[in-house]
Amino acid sequence: MPAMLIVAIVFAAALAQSLTGFGFALIVMPLLTIVLGIRTAAPLVALAALTVYTVNLVRYRRAINVQEVWRLGVASAAGVPVGIWLLSTADEDLVMRMLGIILVAYAGYSLLQPGSRRALARGWVYPAGFLAGCLGGAYNTPGPPVIVYGSLRQWPRNEFRAVLQALFLLNALLVVASHAVAKHLTEQVFVYYLYAVPALAVGILIGSVVDSRIDQRQFRKLVTAMILVLGLALLLGVG
């Protein structure tokens, strides 16, 4: 039963990531945490995310803003060990509820779409990157602070997707390496990863085919609403 759930969850998350440029970890991490527990879900999602971000970065590579990725990456690298430490030492129920708060806050921000007349100052790249590293190390969810930062910096759409994929890939490399050092990459994690790989491939393939045929804005709203529901479920202890 866990294997079938893993396949279904990973497929849906990979499809969302392929279509929108974000959403994989935000969708898959809460659900797999409910199914497997966070100490198995975290390293499994890190491996799966590394695979997804590698493939998607190839798709968006021409639009990468190298300077933004560099600044975000340096700050993120400093935050990853903090997140790994939190995962290893904090109470699991507390960690799950903290993740719920993060998801609800991010979804609320995305749905409300607060406007900004002026682009955000570039100096905010460092706190955004550091927080992304912390969230990536603990929950495999580096996206929210970077997505908020990119929105307020008013990045063009293709640049937005490319920067996200590049940073997510860098973060995933650091997180997987940290899990390896912490001996979180158990045999069970690799078995589950083997189940996840075909679902990743199919989700990415379908997403790349239908990407140009759907309303991106409406789909992003649907994904964000799903994230809100998942965050509330974790926050309330459902599952």
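The values are calculated or read from the model by the stated rules, or taken from the named source; none is laboratory data. Keep in mind it's a predicted model, so treat the numbers as computed, not measured. Neighbour counts run over all protein chains shown; Cβ positions are idealised from the backbone, glycine included.
Would you please name the residue that is nearest to Leu167 (Cα to Cα), looking only at residues in the stretch 68-102 that are more than 19 Å from the chain's Cα centre (by Cα) and not hydrophobic (A, V, I, L, M, F, W, C)?
In the first step, residues of the stretch 68-102 are kept if they are more than 19 Å from the chain's Cα centre (by Cα); the result is 88-94.
From the residues that got through so far, the ones that are not hydrophobic (A, V, I, L, M, F, W, C) too are 88-89, 91-93.
Values: Ser88: 23, Thr89: 26, Asp91: 28, Glu92: 27, Asp93: 28 Å.
The selected residue is Ser88.
Given the condition surrounded by fewer than 16 Cβ atoms within 10 Å (Cβ to Cβ), among the β-branched types (Val, Ile, Thr), in a helix (DSSP H, G or I) and at pLDDT 85 or above, answer yes or no: does some residue in the stretch 161-174 qualify? No: zero hits. Which pairs turn up if I take residues in the stretch 70-85 that are within 14 Å of Leu135 (Cβ to Cβ) and among the small types (Gly, Ala, Ser) and look for partners that are at pLDDT below 90 and outside any helix (DSSP H, G or I) with beta carbon separation below 7 Å, at least 6 apart in sequence or on another chain? Hits for this filter: Ser76/Pro142. Applying a threshold of 9 Å to beta carbon distances and a minimum spacing of six or more residues, or different chains, the list of pairs starting in the stretch 214-229 at a residue that is modelled with pLDDT under 75 and assigned to a loop (DSSP other than H, G, I, E, B) and ending at one that is crowded, with 16+ Cβ neighbours inside 10 Å and not β-branched (Val, Ile, Thr) reads Ile214/Leu19.
Scan the stretch 180-213 residue by residue and report those that are of a type in the set (Gly, Ala, Ser) and assigned to a helix (DSSP H, G or I).
Within the stretch 180-213, the first condition is being of a type in the set (Gly, Ala, Ser), and the residues that meet it are 180, 182, 196, 199, 201, 203, 207-208, 212.
Listed by number, the residues that qualify are Ala180, Ala196, Ala199, Ala201, Gly203, Gly207, Ser208, Ser212.
Of all residues in the stretch 51-66, those that are surrounded by fewer than 18 Cβ atoms within 10 Å (Cβ to Cβ) have Cβ atoms under 9 Å from Cβ atoms of residues that are not in a helix (DSSP H, G or I), 6 or more apart or on another chain, in Ala63/Pro156.
Just one of Val191, Val176 is without any contact (Cβ under 8 Å) to a residue 24 or more places away in the chain and β-branched (Val, Ile, Thr); which is it? Don't jump to the end; show me each part of the working.
Details: Val176 fails: without any contact (Cβ under 8 Å) to a residue 24 or more places away in the chain.
Testing whether each residue is without any contact (Cβ under 8 Å) to a residue 24 or more places away in the chain and β-branched (Val, Ile, Thr) leaves just Val191.
With respect to (1) in a helix (DSSP H, G or I); (2) at pLDDT below 85; (3) within 24 Å of Val10 (Cβ to Cβ), the lone exception for Ala177 is condition (2). Which of the residues spanning the stretch 177-196 are surrounded by 14 or more Cβ atoms within 10 Å (Cβ to Cβ), more than 17 Å from the chain's Cα centre (by Cα) and within 21 Å of Met4 (Cβ to Cβ)? The answer is Thr186, Val189, Tyr192, Tyr195.
Only one of the numbered conditions (1) under 15 Å from the mean Cα position of the chain (by Cα); (2) exposed (fewer than 15 other Cβ atoms within 10 Å of the Cβ) is violated by Pro145, and that is (2).
Which one of these is among the aliphatic types (A, V, I, L, M), in contact with a Leu (Cβ under 9 Å, 6 or more places away or on another chain), over 22 Å from Ile101 (Cβ atoms) and in contact (Cβ under 8 Å) with a residue 12 or more places away in the chain: Leu152, Leu170?
On the way: Leu152 fails: over 22 Å from Ile101 (Cβ atoms).
Of Leu152, Leu170, the one residue that is among the aliphatic types (A, V, I, L, M), in contact with a Leu (Cβ under 9 Å, 6 or more places away or on another chain), over 22 Å from Ile101 (Cβ atoms) and in contact (Cβ under 8 Å) with a residue 12 or more places away in the chain is Leu170.
Here Thr40 meets the list (1) buried (at least 20 other Cβ atoms within 10 Å of the Cβ); (2) among the polar types (S, T, N, Q); (3) under 24 Å from Val197 (Cβ atoms) almost entirely, failing just condition (1).
Report, by residue number, each residue of the stretch 141-154 that is in contact with a Phe, Trp or Tyr (Cβ under 9 Å, 6 or more places away or on another chain) and of a type outside the set (A, V, I, L, M). Before you say what the answer is, go through the steps one by one.
Taking the stretch 141-154 as the starting set, the residues that turn out to be in contact with a Phe, Trp or Tyr (Cβ under 9 Å, 6 or more places away or on another chain) are 141-153.
Once the filter is applied, which keeps residues that are in contact with a Phe, Trp or Tyr (Cβ under 9 Å, 6 or more places away or on another chain) and of a type outside the set (A, V, I, L, M), the stretch 141-154 yields Thr141, Pro142, Gly143, Pro144, Pro145, Tyr149, Gly150, Ser151, Arg153.
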